[in-house]
Amino acid sequence: MISIGVVGMNPGNGHPYSFSSIFNDFDNDALQKECEFALIKEYLPNHHRHQQFIADAKVTWVYAPEEGAAERIARVANIPNIAKSLEELTDNVDAILFTRDDIDRHWEMAGELFKSGKPVFLDKVLAHTPEDLRKFAAAVPADYPLMTASSFPWSPLVQQAKEDLKASEVFFVNGVTSCIWVRYAPHLLWTLFEIFGDDVVSVQNTGNDAGDIVTVQFANGVAAVCEIFNGVGLPLGLTIHRKGEQPLALPYTDDTLEAYFYSIAEMMKDFAVMCRTGVTPTPWEKTLKLNKIVLAGIASKADGGKKIMLNEFMSDL
């Protein structure tokens, strides 16, 4: 049995509840009384339905520095042990689910995890600055069992779209999400990688104080315009515009949340496979490239909307 430790939680991120429940099931009374997230209280009872998704792995420890958070997560997701420190959690598990997406604290909190040699899931993206990305690059061997991801690419809607688009000529893609670029752009970018590959030529952010409007140009001619404005309502997702066909809408948070839940379950299954085999579904080269795109978007905006050629950006990595 693989023993997993989950690390949570930061404002606006309920992943410690949902990710842990894929392994451990959940206590519905505790979920309804203690979970802060209405979506999770909806989709776990409706779509998890107390099924066993992964037989050979359990979340056995939880650590969260915020007062009361670890106890709530433990009660909802049936986690037997609460760690008083990240070190205590790491020492007692085989793998770590680092589910916080306050990216500015990733290196501070997670940088030491890689000394353990144990498989690590790090939510969405590694770093919020070039300096921190260089620290991660120095600390993480290229073959380390590290997974950075959004669950969006695991959605059945995305997998069906890949098939549907084989016979289409794509003009451009429009991506929309709430929150901020550094936290939620990876939802869009990982999914663009899944559909169109990762050969990105340039990044240009022409946003303003209200948000970000980032054009990601692919070598195959597809341009993806990603718009991130805090307060935008659900669903976040992509709209793919094709020659002579209706636009193809790909919501991440679909109407019933069934595809959304399924994407989380499938991603956790792949994390469990990585724990068993040591082989990551998100290779280091893609993890690094996606993080560079996120940082290029920040740098472009800071430079008045300058187009940044990706092969020239942070070329030392």
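The values are calculated or read from the model by the stated rules, or taken from the named source; none is laboratory data. Computed from a prediction, not measured in an experiment: that's the story for all the values here. Don't worry about glycine lacking a Cβ; one is built from the backbone with ideal geometry, like all the others, and counts go over all protein chains shown. For accessibility, only protein heavy atoms count, side chains too; no ligands or nucleic acids. Shrake-Rupley method; radii C 1.70, N 1.55, O 1.52, S 1.80 Å.
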Go through (1) without any contact (Cβ under 8 Å) to a residue 40 or more places away in the chain; (2) in contact with a His (Cβ under 9 Å, 6 or more places away or on another chain); (3) among the basic types (Lys, Arg) for Lys41 and report which single condition fails. (2)
Answer yes or no as to whether Lys292 is within 20 Å of Trp107 (Cα to Cα), charged (D, E, K, R), in contact (Cβ under 8 Å) with a residue 12 or more places away in the chain and in contact with a Leu (Cβ under 7 Å, 6 or more places away or on another chain). yes
Take segment 237-263 and flag every residue that is touching a helix residue (DSSP H, G or I) at 6+ places or on another chain (Cβ under 8 Å), open to solvent by 60 Å² or more (accessible area, probe 1.4 Å) and of a type in the set (D, E, K, R). Glu258
Kindly indicate the residue of segment 51-97 that is acidic (Asp, Glu) and without any contact (Cβ under 8 Å) to a residue 60 or more places away in the chain and also surrounded by the fewest Cβ atoms within 10 Å (Cβ to Cβ) among those meeting that condition. Glu67
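Residue-by-condition table, conditions (1) part of a helix (DSSP H, G or I); (2) open to solvent by less than 10 Å² (accessible area, probe 1.4 Å); (3) of a type outside the set (D, E, K, R):
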site: Gln159; (1), (2), (3): yes, no, yes
site: Glu163; (1), (2), (3): yes, no, no
site: Lys166; (1), (2), (3): yes, no, no
site: Phe171; (1), (2), (3): no, no, yes
site: Asn174; (1), (2), (3): no, no, yes
site: Val182; (1), (2), (3): yes, no, yes
site: Ala185; (1), (2), (3): yes, yes, yes
site: Trp190; (1), (2), (3): yes, no, yes
site: Ile195; (1), (2), (3): yes, no, yes
Taking Phe193, is it free of Cβ contacts under 8 Å to residues at least 60 places away in the same chain and aromatic (Phe, Trp, Tyr)? no
Looking at (1) in a helix (DSSP H, G or I); (2) surrounded by fewer than 22 Cβ atoms within 10 Å (Cβ to Cβ); (3) among the hydrophobic types (A, V, I, L, M, F, W, C), which one does Leu133 not meet, given that it meets all the others? (2)
Yes or no: segment 264-286 includes at least one residue that is surrounded by fewer than 22 Cβ atoms within 10 Å (Cβ to Cβ) and either in contact with a Lys or Arg (Cβ under 7 Å, 6 or more places away or on another chain) or under 30 Å from Asp209 (Cβ atoms) (or both). no
Go through segment 3-50 and count every residue that is open to solvent by 30 Å² or more (accessible area, probe 1.4 Å) and either among the hydroxyl-bearing types (Ser, Thr, Tyr) or under 15 Å from Trp61 (Cα atoms) (or both). 1
If we keep just the residues of segment 55-78 that are out of contact with any Phe, Trp or Tyr (no Cβ under 7 Å at 6 or more places or on another chain) and of a type in the set (Val, Ile, Thr), which is nearest to Gly8 (Cα to Cα)? Val62
Residue, modelled with the lowest pLDDT, within segment 287-317, restricted to residues that are open to solvent by 80 Å² or more (accessible area, probe 1.4 Å) and farther than 13 Å from Val200 by Cβ: Asp316
